[in-house]
Structure formats: C-alpha cells, structure tokens
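The values are calculated or read from the model by the stated rules, or taken from the named source; none is laboratory data. Bear in mind the structure is a predicted one, so any value in this text is a computation, not a measurement. A quick note on method: Cβ atoms are made from the backbone with ideal geometry, for glycine too, and the neighbour counts reach across all protein chains shown. What goes into the accessible areas is simple: the full protein's heavy atoms, side chains included, and nothing from ligands, DNA or RNA. Shrake-Rupley method; radii C 1.70, N 1.55, O 1.52, S 1.80 Å.
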Amino acid sequence: MAEKGPVRRFWSLPRKRRGAPGRRKPDEIMHQDIVPLCAADIQEQLKRRFAYLSGGRGQDGSPVITFPDYPAFSEIPDKEFQNVMTYLTSIPSLQDAGIGFILVIDRRQDKWTSVKASVLRIAASFPANLQLVLVLRPTGFFQRTLSDIAFKFNRDDFKMKVPVIMLSSVPELHGYIDKSQLTEDLGGTLDYCHSRWLCHRTAIESFALMVKQTAQMLQSFGTELAETELPNDVQSTSSVLSTHTEKKHKAKDDLQLALKEGQRILESLREPLAESATHSVNQDQLDSQATVQRLLAQLNETEAAFDEFWAKHQQKLQQCLQLRHFEQGFREVKATLDAVSQKIATFTDVGNSLAHVEHLLRSLASFEEKSSVAVERARALALEGQQLIENKHYAVDSIHPKCEELRHLCHQFAAEIDRRRGLLSKSRELHSLLETSMRWCDEGIYLLASQPVDKCQSQDGAEAALQEIEKFLETGAENKIQELSEIYKEYETILNQDLLEHVQKVFQKQESMQEMFHRRQASLKKLAAKQTRPVQPVAPRPEALTKSPCPSPGSWRGSESPGSEGSALRRGPYRRAKSEMSENRQGRGSSTGDEEEGLAILRRHVMNELLDTERAYVEELLSVLEGYAAEMENPLMTHLISTGLHNKKDVLFGNMEEIYHFHNRIFLRELESCTDCPELVGRCFLERMEDFQIYEKYCQNKPRSESLWRQCSDCPFFQECQKKLDHKLSLDSYLLKPVQRITKYQLLLKEMLKYSRNCQGAEDLQEALSSILGILKAVNDSMHLIAITGYDGNLSDLGKLLMQGSFSVWTDHKKGHTKVKELARFKPMQRHLFLHEKAVLFCKKREESGEGYEKAPSYSYKQSLNMTAVGITENVKGDAKKFEIWYNAREEVYIIQAPTPEIKAAWVNEIRKVLTSQLQACREASQHRTLEQSHSLPLPAPSSTSPSRGGTRNVKKLEERKTDPLSLEGYVSSSLPKPPEKGKGWSKGTHSLEAPEDEGGWSSAEEPVNSSDAEEDGGVGPKELVPGKYTVVLDDEKRGPDTLAVRSGDVVEVVEEGAEGLWYVRDLTSNKEGWVPASSLSALLGKSSSAQCLSSSESSPGSAVLSNSSSCSEGCPAPFSDLQG
C-alpha cells in the first residue's frame, strides 16, 4: 500500500535570495534562469588573457577589469570577445557589479589607431555598467602627440555613458586606483596569476555543478522513496528494503565524494595564505572561498535532511517488514491452531476399558505436548505483536485484533484440553470402579468354584465354607457398585450408549454373583444346621470314592468326559449306594453348575488377559510408529538423525505398520466381540490365520533391523524420542514386541483350551492352536532359510519348507574313491538339512560372531537331492537315531543320525508323506493313461496262472494300505533291487544290492507279467509263482496256525503256491515256514512286476523311490497301475 499523506520534499534547491540592492550572491552562478557561461566552456578564450578580472577594486569598490597590451586584439572574433566580457562581468557579486566596472586599457605599446579601435569595440560590446574607463595611451613621442591631437579632434567619437580618461603614465593611473588593487604590470602590488585564477574558477564551477547534480539526484531518490507502495508480503518487503538501502548507500557515497571535492578546493584557495601570513587576499578570492563554503554548507544541510528523511523511510519499511512477518506468522499459527482444534474435536471417545482410557489419556498428553509448540508460538507471536504496538507501529489497528485472536485461540485450546482430560479422568474413574467390581465378581465365583464340595458335606466344612463366603461378602462394600442411580448421576457427562450398557452388564453380573452367594449360603446353612447322622455300612469301593478329596477343576473336567474310565467308576458305586449317599450325591449334583461356572470364570480370566495384552500390544506398536517412525520424517528432527539412518526406516521397522493396522482395525475388534463367549475365540484365529503370515516377513527382516540398530543405537535421535515418549526401555525392546506377541498366542490358546474341553468351540481352539504352532514353525524355518548362502537357484522353486534341523551325516557313494568310501563311515559330517517338497538340501552350519541377531548362524549350501529320486531306509542296525536317505538306486547313500529318536521319527514320517504324495500323483496319472488306452487296445486272453479272487482281494487290501500315509512302513525296505538289462513296460528294472545276480535270477524274457500283452491289458495281471527269494513289503500278522507273521523288510524264500493268493514261504532269518499273501512279497531278482509295483520309476516298491525317469512320463504299466489302484 502507498504511504499516506502528500509527498513532502525533505529539501529544495536554494532559491534566489535577495540581498542588498544591486548585490548578487556568489552561489547564484548555478541558479540563473539563463544557463551562464562556465570557465570550462570558454577556457581557450580565457587563456589568451586579452582581458582579465584581477580582483582589484576602485576606491568605491568597483571591480577592475584589465585589458593588457594585446597586439592581436583586433583579430579576436566578436563572439569570443562577447563571451569573455559576459563571463568576466558575471563573476563579481550583484552589489559590486551594480556600482559599475572600471576598465583599465593598457595600450602603451600600441598605436593610436589601435587604441581608438579597442576603446570603441569595448564601449560597444561591454555587457555591464561602466563607471570609468582608464586608457594608458602609447608611450612613443609621435604616438603620444598624435593621440593628444586626435583625441581632442575626435572627442565626440568617444562619447560614452562614462568618462574616458587618457593617461600618459602608470603613476597617473595610481591616482585613480590604488597600487594595491593593481597588478605588477601596472605598477601595483596585487598578486595575480592568470593560470591559477583560471584553475580555481574551473574547479569552483565544476564543484557547484556537482553540488547541483547531487542535490537533484537526492531529490529524485527522495521522491521515489516517498512514492513507493509498501508490499504485502515478506519477500517483496525485504527486497524493497534491500534495494532502497543499496541506493541510499550509493547516494551517500556520491554526497561524500562531493564534500571531499569541496574541501579540496577550499584548501587550494587558502593555500597562498597558509604559505605566507603576510599574503593579502583580494575580494574575488574572498568571494570564491565564500562560494565554496556555502556550497559545502548546502551539501551538509542536504545530507542532514536526507538522513532524517531516510531514517523515517527506513523505519517505515522496517515496520512494514515486521508487520508482514507478524501477519505471515499469524496465518501459519492460526492454520496450525485450527488444525489442532479440528484434531481435538475428534477426541470424543471416552474409552471402553481402563486400559483403553489410559491409552486415550496418554494420547491426549502426547497430543498436548506436540501441540504445545504451536501454542507457545502463538503466545510468543501475541507478545511480539504487543511489543510492536508499544513501539508505536503505524499499523496498530491491524495488529491489535490479531493479538486478541491469538490469545483467544490459546485459551480455547487449553480449556478444551482440560475439558477432555476431565472427561477421561471421569471415565478412568468409572472404568476402574467397573473393573474392580468385575474382579470382585470373578474372585467370588472362583471362590465358589474352588470350595471343596466333599468337605462341605460335613458340619465343620460347611461352617468353614460359610465363614469364608461371609468374609468375602464383607469386602463388597469397597469393591462393588452400590447404586446405579448414583452412577448415572455422577458420570452423566460420559455415559454414552455403549458405556451405559457396559455399566448395566457389570451391575447385572454383580447381582447374579451375589445371588449365587446367597444360594450357596442357604445350602451351607442347611448343611451346618443338620445333626450328624450315623454312618451306614456301605461297600468299601463306594466309600473309598466318597471319602476321596474333591478334585481340582481341571481333574473334574477330565473325569466328566463321556466314556472316561473314571466317570464309569463313579457312576457305578453311586448307583449301588444310592440310598446311603443321596444327600452327598445331591450336593455333588448342585456343585456341577458351580464347576461349570468356575471354568467359565477361568475362561474369562484367560480372555481378559488376551484382551488386555492385545490392547497393550496395539498401544505399544502405535507409540513406536508415532514416536519413532513418524519422527524420522519430521524436518525438526532431521539434524538428530545420523547419516547411517537416512532412508532406512523400512529396514529398521520392517512391516510393523502393517502389523499394527491388522491388529488395531481387525483382530482386536474381533477379539472384543468374543468377550461374552471366550470359548469361541478360536474362530477369530482361524479366520485370520492367513493375515498372521505378515509376521514371517517381519521376522525375516529382523536380522537387518537388529544390525542397523546396533550400528546406530547411540544416535541422539533415538534418545530424544525415548525421552519424549517417557519409555523406560530403548527402541530395540519394542522392536522385539511382534516376535514376542506371536509366541504368546499359543500359550493363551493352550490355557483357553484347557478350560474349554467340553465347550462348543473346543475343536476350533485346538485347530487354532495347531495353526499358530504351524505359523511359529514356518517363521522359525524361514529365519533359517534366509540364512542359506551359495545356492544358485530359487529356493521358492523347491516348494514349501517342511522340516529343518542339524544332523550327523555319513556318506557312501558307489562311484566314489575306495579310500573315501572306507573312511566315510568313520568320519561323520555335521550338516543342517532342509526338507522341501521337491528336494532336500545339505548345508554346513557356520556360527557368526557378534551379539543378538548378528550371532545367528548362516548355512553354506553343499548339495541337494531331488525328492523324485530319493528313497529312505527307516532303521539302521545299531542305532535307533539313524536312518538312511539314498539316491538314484543307492548310488549315493547318506546315513543320517538325528539328535533324538523322536526327531528321527518326525523326519521319517515327513519324508514318507512326501514320497506317498508323489506315488499317489504318479498312480493317478497312470490310471488316467490306462483308462484312455483301454478304449483302443484289445483285452488279453485269460491266463491259466491267474490268481484266485482271494489274491485280488489281497491286492485291494494292499492298495488300501498304500493310500494311508501312516502305513508306509511297508514301503520302506532295507534291500533294493537292481535294474534289469532290458524291459518292455518300464525303461529300467531293479536288482538287489544285497544278493548276487546269479542266485535265483530270472531274465526279463522269462517274465510273462512284463510282456507287452500284460502292458496293454488294463486289468490285473496274474501273479505267478517264480522260484527265488522275495522281500516282504507289507506287514502281515499271524492269522492262523499255518500262517506266518512277517514284517516289512524280511527276506523269505518261496516254497509253493497255494490258493486264495497265498504262498507258502520260509523266513530265512528265523527258518519258520507258513502261508503269507503273495501281494505282500516282492522279488529280489528278476524284472517281475511285483518288483516294480510300489515304485514310481526305477526303484522297487520297498524303496518308495520317486524319480523322473522316462517310464513316469510315458505311462506306468498295467500291473503297476493295478497294484497301485
């Protein structure tokens, strides 16, 4: 905005000052209306010195102009002569010039004719008043005589307004003008140097022009400043102030330069007097000094006026800048306070539990602390505005209302914070009362459930129990809700619908509990009042049970399970002694309800712990995300963050924000919905089991987070955040919370399951527990999996990780060096095995130095085995902890020793499942191909050696057993057949590694089952008796006196073939003989179909090997598919 009021010039150019009549001031040389001549303009004419102003004065003060002898006077152009005359007559003051000039014309060396011409030219061209003309005529006799005669006869030609006096000599001149006013060439003593006079005149006029230009420049600059509009923003105002200040400094520099020039000229004018004290100064010199002094005084006055004006202008600009800063700060602070007001308006929740209210109070305190910066800034800005008002700022009318508004906003914020804190304090008080009442109710119900019913049957026991109940009820005065109306009245300001329902529910629970106590009191009073009756003789067994102490709630629950042995024992004696135990049984019957209520209380205890810890967990995650993670992006905290932490928030916190949102928005709310039915909480876990996979990602990132924390734990940023949050523990403790939380769930589920065995949600709880344990295992396995180094492929291509653990491993390779084979069994290797769905990896475990997660081991990849070519031998002689994994028909054998037999069993079972699933997949593919071929291929002729129907049933039984993964023991054999040389159905056959090839061996050509006809037939091929040794592939129990009990892996020799698919065999180990199903045997030698019925590719059925041989890709033979089902 423009400055108010008219523009007032802080100085004006000096006006013409009227002095005495006829006098002109010396400084008016630069203020004439017509631009006067300057010495610099006619410097060449003045240098000719045909006329000069010596500074001498006549007796009346008339200025003396001297025309020295100048031979070429007549040759001077009129214009130049006129300029010199005009300039010389303009030098004296108006007062001196008004008296008139005295002209001294020296023509002593000239001729009369020249004298006449000079006088006439001067008289005709002189621009000022003349008082007297003195002519020194020629000194020669002839010329002087001629001049006398000619002057007498030509007097009329010299008629002028002033007299013209012809002087014959210099002494005559002294009679008119004193010698002190004449120069030396005229016989005077006046010190005059024409070149010095010309230099002084040039300098004075130049200085006068400089003063004039400086004054005009300052006046123009002042006008510009006065007309400048004040900007409306801080940046523009600062720019204007900076520009004006810069111009002001330049103007001041020019002013100082002019002052220095004036001082130099003045010193030059005073120099002759300084050199000689006796030196006389003429009037013109005095006038020159006076002129310079006045110009200097004018400059000083101009500078003072300019400084005064600049001070006012600068003050106004500075006040404008202060105002713009104040206005900008006001806008920012008001926007912040408006946002704070909107934020605090959302704080309407009064909490649904004591922990929730505590969290809300902490959130309010944290919000108040964060908002205090804006509030303090608003108060500081109001004080700043008040200071501007006290300093008489020009915009008081604009500043004062803003200061009042800032104070009002601060007061309003403080009042709202206090109001919210008061409501939350009331809510905390109410919730504390409610939770105290609930705890009192729970303790009371627990007391009822834990009272031993058997002891209560006696008078003393009843009285003791009664006293215990009465003592507990006495504590109700300080623990229970007294009157609902008082609660409604006292907490009316915070009672919303949810809280009102909660209060009513707690009060109803309190009433129900008190009613239970009253009923128990009434029962106990009846028992205590009864007289002791004589003991009736009863059977020892029931009496023993009657006198047994009352079991704990857990044992009661176990004994009441349907079909349990203990419950049967109790029911029998009670029926037999019904008349004697009627009262006791009545007491026990009444305690059943109390028992269930006690279990319900225990379930609620577990549920409360689950909810309380879940809310605390969510609150802790929120405090970390707001107090640490969000602060890493706060510009005000950037200076505290070390360079190693820049852009590392995702590394440090992982997916904690994702975990927080899942628990806060979804899981916590679903848990709260199960408050009334804790036993159904298992469904919450099952429905969200996929969401819990986010913990696997967090745990996999934990080593990187831990490493980064150890590098930057001493960063001031963490210390400042911890101080603001008032945390007693450092950040690393809170980063461990998700890991601790996921492990806590299984403990709580176990507790809940323990008290919910006969409840509706028991199955869901059991399934949820198993799923959580599975997630923990997957998380643990993934932590090991990411530590594998050196594996070139993608681990995800190997399928799901099923098992992992450390083992001692011996190796035996058929193709290896003999020495290596011999030493292998005596030098075990320590290997960490990773069992995937498609492969098993062998790694070497390497312990790392360091602490925490940095000490976690790493695993160097060594080799892997494709599960399609793997087989196992469950038992290794001499050690129950060993088993074998072999590869490619025992070309590579790995003897694995587990730490415990249990671990070995778990691994063997898991490998069985993998191999069984592969067999099942291959069998289904074979059945599909066989079904397709059956529509196009002819059926073979029936064989005379086809087995009976009983054999077919045995084959079906074998198929049923093979589909059961728990009966896989029959597939695991200690002997492996070798492949035959040639075969039609399978690309390779098998032979035993244990038996020599010539012992009962049969060629592939002698194997009718493996013929092309058999392959084309989609039905069951005949199982002919083939002499030789067989391996038992399925366990078979002793069914009669003539049958033989065999176990998988036994080696038998076939004696004869019987009916119903039975063969008579001899056990080569025990030498026992008997009948066994033919379907349970597999030939050791030859390429029979039985030797291949249980393998999916190249290996025997006992090996359970799955490989990717060509036979699997081209289709399984008919006998294989029949046997596989």
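A few comments on the model shown:
- Ranking 812, 185, 284 from most to least accessible surface, computed with a 1.4 Å probe over the protein chains only, gives 185, 812, 284.
- Region 610-681, relative contact order in percent, only Cα pairs under 8 angstrom and at least six apart counted: 44
- Unsatisfied cross-links (Cα-Cα over 21 Å) in the set 737/800; 334/723; 480/526; 252/392; 47/79: 737/800; 334/723; 480/526; 252/392
- Dipole check for region 231-366: with +1 at the C-beta of Lys and Arg, -1 at the C-beta of Asp and Glu, and the Cα centre as origin, the magnitude is about 580 Debye.
- Charge context of residue 1064, other residues only, Cβ under 9 angstrom, K/R +1, D/E -1: -3
- For region 74-145, averaging the sequence separation of C-alpha pairs within contact (under 8 Å, six or more residues apart) and dividing by the residue count gives a relative contact order of 42 percent.
- Take residue 442: with every protein chain present and a 1.4 Å probe, its accessible area is about 10 Å².
- Solvent accessible area, Å² - residue 62, 1.4 Å probe, full protein context: 0
- Positive minus negative residues near residue 203 (Lys, Arg vs Asp, Glu; Cβ under 9 Å): 0
- Neighbours of residue 806 by Cβ distance under 11 Å: Lys/Arg scored +1, Asp/Glu scored -1, total +3.
- Surface composition of region 463-529: carbon and sulfur make up 47 percent of the accessible area, probe 1.4 Å.
- Accessible surface of residue 1051 - all protein chains present, 1.4 Å probe, nearest 10 Å²: 40
- Exceedance of the 19 Å cut-off in Cα-Cα distance is limited, within the set 649/702; 649/697; 754/777, to 754/777.
- Extended-chain gain in nm, criterion 0.36 nm per residue less alpha-carbon gap, residue 902 and residue 758: 48.8 nm
- Here's the picture: a label point sits 7 Å out from the Cα of residue 407 along the beta-carbon direction, and within region 332-366 nothing has its amide nitrogen under 15 Å of it.
- Mean separation of Cα pairs under 8 Å and 6 or more residues apart, divided by the residue count, gives region 38-106 a relative contact order of 40 percent.
- Distance between modelled label sites at residue 675 and residue 512, nm, 7 Å Cα→Cβ extension: 1.4
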